[in-house]
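**Q** One structure follows; several queries about it will come next.
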Amino acid sequence: MTKFNFARRAIMGLIVAAGVAAPAAAEVDFTGKTVEWVIPFSETGGSAKWANFFGPLLSEALPGQPTVVVKFMPGAGSTKGANWFQKQKYEDGTLLFGTSGSTQFPYLLGDPRVRYEYSDWEPVMASGTGGVAYLNAEDGAKFDGSANALKDTDFIYGSQGATRLDLVPLLAWKMLGMNVEPVFGIKGRGDGRLMFERGEANIDYQTSSGYLGGSTALVEDGKAVPMMTWGALDDYGNIVRDPTFPDIPTFKEVCEATDGCETSGDAWEAWKAFFVAGFPVQKLAFLPAGTPQDVINTYAKAFQDVVARADFGEISSKRVGKYTVFTGVGAQEALGTATRVSDSAKSYVTKWLQESYGVSLN
């Protein structure tokens, strides 16, 4: 069994765990209170759309129906907010924190700016997502399912940072032989989309919620052309088409159609390892260290009730995509899947970051 098949089996096991009922919650009541859900990105990106989708539903499901307010703390590709959350302690159960792959990857890579430890936090919900890369209209007209006609184009891409979730598209484009120059320092993927809209960038990628909430309008207006998704995993760990975007080819398909791109070897194994860590379980909601078990159970049950709504599949597919949501025991297990990659994948990516961008993690 390969490590990726093992990872896929772990994720499939989580799908079962996601449906396991959380322990019965004690009498926790949030009547008259306000829950602050802190997102360490800007208000224009996929994480913002994710929290803004779940926030009102969580408000309805929590006992006492508190107001859920989403607040934003962007900076350093989410490291600023995560370092802040690490210092927070339980007070009254009204603080929730949301992370994304851009929070997980610096942790996985040993980024020296990381001052947070995932194992200290209490996960109550986790969800998968996908991602879509797209081109401007001019370059999109050259795209024929391969990157062969795009290799002589100089692309500009707005990036949160090479050690963030952006390493998945950046490494994919490198493997395709494309010349993509990242402009580092944006505070969220929504800011990258704004660069694209203003013509400051000619290539972009968004997670599914960001693409559904902002980029599809660009495609409909003829200003953007979808290039590829990162795909999804089947039961055997194979890359298959993203269920939210079944008409868009995967990176694997585009790679196979592109001269010089290989879907085997060190680069592919490293890319797939970080894709597995960053997308099937990408966004997580946490309570701070020291939260009592009855409060943890209350949030887990509330999120479970949200997912159990008769209309959840319909409304979620339009806002955040068709992906598994893990709650209770499933969320705890999902965290383990999202915060593990092999040493060989880390070694390859660390070397690539140093050679391509001068980013040293030593």
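The values are calculated or read from the model by the stated rules, or taken from the named source; none is laboratory data. Source: prediction; values computed, not measured. Note: ideal-geometry Cβ built from the backbone for every residue, glycine included; neighbour counts use all protein chains shown. What goes into the accessible areas is simple: the full protein's heavy atoms, side chains included, and nothing from ligands, DNA or RNA. Shrake-Rupley method; radii C 1.70, N 1.55, O 1.52, S 1.80 Å.
**Q** How high is the relative contact order of the chain, given as a whole-number percent (alpha carbon pairs under 8 Å, six or more residues apart)?
**A** Numbers: 773 pairs, mean separation 105.2, N = 362.
Reported as a whole number, the value is 29 percent.
**Q** While we're here: May I ask you to compute the full-extension gain from residue 247 to residue 223, defined as 0.36 nm times their residue separation minus their alpha-carbon distance, rounded to one decimal in nm?
**A** Details: separation 24, 0.36 × 24 = 8.64 nm, distance 1.85 nm.
Result for the pair: 6.8 nm of gain on full extension.
**Q** For the stretch 71-217, which whole-number percentage of the solvent-accessible area (1.4 Å probe, protein heavy atoms only) is attributable to carbon and sulfur atoms?
**A** Working: 2250 of 4860 Å².
The computed percentage sits at 46.
**Q** Loop only per DSSP, at most 15 neighbouring Cβ atoms within 10 Å: give me the GluC sites (Glu not before Pro) in the stretch 168-235, ordered by residue number. Can you show the working numbers first?
**A** Values: sites: 197, 200, 220; in loops: 200.
When the GluC sites (Glu not before Pro) of the stretch 168-235 are filtered for loop state and at most 15 Cβ neighbours within 10 Å, 200 remain.
**Q** Could you let me know the centre-to-centre spacing of the stretch 114-131 and the stretch 219-242, using Cα atoms, in angstrom?
**A** Computed from Cα coordinates, the inter-centre distance equals 24 Å.
**Q** If you stretched the chain out fully between residue 259 and residue 200, how much longer would it get, using 0.36 nm times the residue separation minus the C-alpha to C-alpha distance?
**A** Values: separation 59, 0.36 × 59 = 21.24 nm, distance 2.85 nm.
So the chain would gain 18.4 nm between residue 259 and residue 200.
**Q** At residue 339 and residue 80, where each label point lies 7 Å from the Cα along Cα→Cβ, what is the point-to-point distance in nanometres?
**A** The two pseudo-label positions are separated by 2.4 nm.
**Q** While we're here: In the stretch 289-362, what percent of the accessible surface is made up of carbon and sulfur (1.4 Å probe, ligands and nucleic acids excluded)? Mind dumping the intermediate values first?
**A** Values: 1700 of 3540 Å².
Answer for the stretch 289-362 is 48 percent, counting heavy atoms of protein chains only.
**Q** Pick from 38, 240, 168 the residue whose mean-square fluctuation is largest in a GNM of the chain, springs joining Cα atoms under 10 Å.
**A** Per the Cα network of the chain with a 10 Å cutoff, 240 tops the list.
**Q** Can you pull out the GluC sites (Glu not before Pro) in the stretch 72-173 that DSSP calls coil and that have at most 12 other Cβ atoms within 10 Å?
**A** Values: sites: 91, 117, 138; in loops: 91, 117.
Hits after loop and neighbour filter: 91, 117.
**Q** Would you mind getting me the FRET efficiency between residue 268 and residue 31? Use the beta-carbon distance for r and R0 = 56 Å, nearest 0.05. Spell out each step's value before the answer.
**A** Working: r = 53 Å, r/R0 = 0.94.
Once rounded, the FRET efficiency stands at 0.60.
**Q** Same structure, new question: Could I have the simple spin-label model distance between residue 138 and residue 154, label points 7 Å from Cα toward Cβ, reported in nm to one decimal?
**A** Distance between label points: 1.2 nm.
**Q** Restricting to DSSP H runs of at least four residues, report the calculated mean residue ellipticity at 222 nm for the chain, -39500 (n - 2.57) per run over all residues, nearest 500 deg cm²/dmol. The partial results should precede the final answer.
**A** Numbers: 14 runs with 144 residues, N = 362.
It lands at -12000 deg cm²/dmol.
**Q** Next question. Send over a whole-number figure in Å² for the accessible area per residue of the chain, probe 1.4 Å. Mind showing how you got there, number by number?
**A** Numbers: 14180 Å² over 362 residues.
Each residue of the chain exposes 39 Å² on average to a 1.4 Å probe.
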